[in-house]
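Only one structure is covered here, and it is reproduced in the block below.
All of the numbers you see were taken from the coordinates with simple rules; none came from a lab. None of the values given here were measured: they were computed from a predicted structure. Methodologically, a virtual Cβ is constructed for each residue, glycine included, from the backbone with ideal geometry; neighbour enumeration extends over all protein chains shown.
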Amino acid sequence: MRNYGRGWNQIVKDLEADLKRMAPGIESTGIKEGKFGDFLYYYDLNSVPPEKSEAVARRVNRAAEVALETCIECGELGRIRYVSSPQIEAHVYCDTHTPKDWKTL
Ligand SMILES: [Zn+2]
């Protein structure tokens, strides 16, 4: 399942290219934007050789860090922006894509 904005397409592409090289049998089980605008990449731990598991986890974390500064709409430099009413909602947006009245974390 893929559920995120097109601004993160390149991050996913780069990540998956590296992961395929590091652990060719890796099986992704889901890629999505989390409730707090964060990047979540799930994979089957059994599809990664034990000696590669730490490196793979580090690479996934690095992608998540990059995503936190990448507008989910356009891929430009962004930050976490949020609104708290009527309910909390958060996404990484650049200045251009930040809706009016949204705050910067
Ligand atoms: Zn943007």
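Taking the Cα centre of segment 2-104 as the origin, how large is its charge dipole in debye, to the nearest 20, when only Lys and Arg (+1) and Asp and Glu (-1) carry charge on their Cβ atoms?
40 debye
Given the -39500 (n - 2.57) contribution per DSSP H run of 4+ residues, what per-residue ellipticity at 222 nm results for the chain, rounded to the nearest 500 deg cm²/dmol? Before the final figure, lay out the partial values.
Values: 2 runs with 29 residues, N = 105.
The per-residue figure over the chain is -9000 deg cm²/dmol.
Within segment 1-32, list the residues whose amide N lies under 15 Å from a label point set 7 Å along Cα→Cβ of TYR42.
1-4, 27-32
Quick one: of the DSSP bridges fully inside the chain, what percent are antiparallel, nearest 5?
Here the share of antiparallel DSSP bridges comes out near 85 percent.
With a sphere of radius 12 Å drawn around the Cβ of GLU65, what net charge do the other residues whose Cβ falls strictly inside it have (Lys, Arg +1; Asp, Glu -1)?
Result for the local shell: +1.
Skipping prolines and chain starts, which residues have an amide H placed within reach, meaning under 5 Å, of the one on THR70, given they are 5 or more residues away or on another chain?
GLY78
Please work out how much length the chain gains when fully extended from VAL83 to GLU54, using 0.36 nm per residue of separation minus the C-alpha to C-alpha distance, in nm with one decimal.
6.9 nm
Give the lysines whose C-alpha is closer than 21 Å to that of LYS103, dropping any in the same chain fewer than 8 places away, or say none.
Once the sequence-local lysines are set aside, what remains near LYS103 is LYS35.
Compute the acute angle (0 to 90°) between the alpha-carbon long axis of helix 9-22 and the principal axis of greatest extent of the alpha-carbon atoms of the chain; round to the nearest 10°.
That helix lies at roughly 20 degrees to the long axis.
Work out how much length ASN9 to THR104 would gain on full extension: take 0.36 nm times their residue separation and subtract the Cα-Cα distance, in nm to one decimal.
Here the answer is 31.9 nm.
What is the angle, in °, between the Cα long axis of helix 53-67 and the longest principal axis of the Cα atoms in the chain? Nearest 10 is fine, range 0 to 90.
Between helix and principal axis, roughly 20 degrees.
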